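Visitor: Once you've had a glance at the structure underneath, I'll fire off some questions.
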Amino acid sequence: MSVPEDEDSLTQRWPRASKFLLSGCAATVAELATFPLDLTKTRLQMQGEAALARLGDSARESAPYRGMVRTALGIVQEEGFLKLWQGVTPAIYRHVVYSGGRMVTYEHLREVVFGKNEDEHYPLWKSVIGGMMAGVIGQFLANPTDLVKVQMQMEGKRKLEGKPLRFRGVHHAFAKILAEGGIRGLWAGWVPNIQRAALVNMGDLTTYDTVKHYLVLNTPLEDNIMTHGLSSLCSGLVASILGTPADVIKSRIMNQPRDKQGRVFESILC
């Protein structure tokens, strides 16, 4: 007697593993599509770093980036079109670990730790707390890949400034950071990184539910793809605004070389 397909599916047998894999696949596609925006964001965040301005005449005389579009066009003109995806491999690693870990953690917290109310309703405050905790755990696990991504995104800028490139590839970057900074070096910038993740998840979940409920109750829109799209746009905007300050701080910290004790090199600070 054959087992029904729906009872023998991957999602039925390994629900956590399937959600992790599906989240990772979705994150990979999204990362490939949006990575040029992430690269321009990192370049804009780095250009005000005081340490870079002290590294020599080439750094002081380099033209500053002005705006997202000009930054992207400048990268294409000075470094080449494909450089818009420099560092995409560790970014994919990061999103697979972060998105998968966050989803599995959130589902576990929602179903096992918090649970629904007696009326089968999952209140907003539980969603916010669960989302923040899941974001913190996922981001902490993904911090080494985020660190490599940020440093590789700056390699093109270093080349234009006449500085030696630090890495030959993703695996060389991991090995070099581990050799120079030890295990602690892989978690450089983790404090603002998890703060950013908590703020982003809080703003994302809270705004999404609030906007969706408002649209359904106060406009002719129904609970359909248009409503979900508008809610997602609003939640993404609020999440970005809340998370950007911590994102700038973690990017600056991650771009600094460290010694085996995890301390920033004095030559960068002086």
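Visitor: Kindly identify segment 72-211 as rounded, prolate or oblate by the Cα gyration tensor criterion: order the square roots of the eigenvalues as a ≥ b ≥ c, call it rounded if a/c is under 1.5, otherwise compare a/b with b/c, prolate if a/b is larger, else oblate.
Guide: prolate
Visitor: Per residue of segment 124-133, in order, report the coupling 6.51 cos²θ - 1.76 cosθ + 1.60 (Karplus, θ = phi - 60°) as ³J(HN,Hα) in whole Hz, putting x for Gly and Pro.
Guide: Couplings: 5, 5, 5, 5, 5, 5, x, x, 5, 5 Hz.
Visitor: Once you sort the root eigenvalues of the Cα gyration tensor of segment 181-230 as a ≥ b ≥ c, which label holds: rounded (a/c under 1.5), prolate (a/b larger than b/c) or oblate (the other case)?
Guide: Note, shape of segment 181-230 comes out prolate.
Visitor: Right, next: Each residue of segment 161-176 in order: what ³J(HN,Hα) in whole Hz does its phi give by Karplus 6.51 cos²θ - 1.76 cosθ + 1.60, θ = phi - 60°, with x for Gly and Pro?
Guide: Computed from phi, the couplings for segment 161-176 are 7, x, 9, x, 5, 8, 10, 9, x, 5, 5, 5, 5, 4, 5, 5 Hz.
Visitor: Would you mind checking which residues have amide H under 5 Å from Asn255's amide H? H placed 1.01 Å from N; only 5 or more apart, or other chain.
Guide: It is none; the list stays empty.
Visitor: Still on this structure: Could you give the distance between the Cα centres of segment 199-232 and segment 23-38, to the whole Å?
Guide: 22 Å
Visitor: If you roll a 1.4 Å probe over segment 154-252 with all protein chains in place, what percent of the accessible area is carbon or sulfur?
Guide: Taking all protein chains in place, segment 154-252 shows 68 percent carbon and sulfur surface.
Visitor: Still on this structure: Take a quick pass over segment 97-173 and tell me how many lysine pairs come in under 29 angstrom between Cα atoms, counting only ones 8 or more apart or on separate chains.
Guide: Lysine pairs, 8 or more places apart or on different chains, close enough: 4.
Visitor: What is the list of residues in segment 197-222 whose amide nitrogen lies under 14 Å from a point 7 angstrom out from the Cα of Leu124, following Cα to Cβ?
Guide: 202-218
The values are calculated or read from the model by the stated rules, or taken from the named source; none is laboratory data. Note that the structure is predicted; figures quoted are calculated from it, not measured. Here the Cβ is made from the backbone with ideal geometry for all residues, glycine too, and neighbour counts use every protein chain on show. Surface accessibility is based on the protein's heavy atoms, side chains included, excluding ligands, DNA and RNA. Shrake-Rupley method; radii C 1.70, N 1.55, O 1.52, S 1.80 Å.
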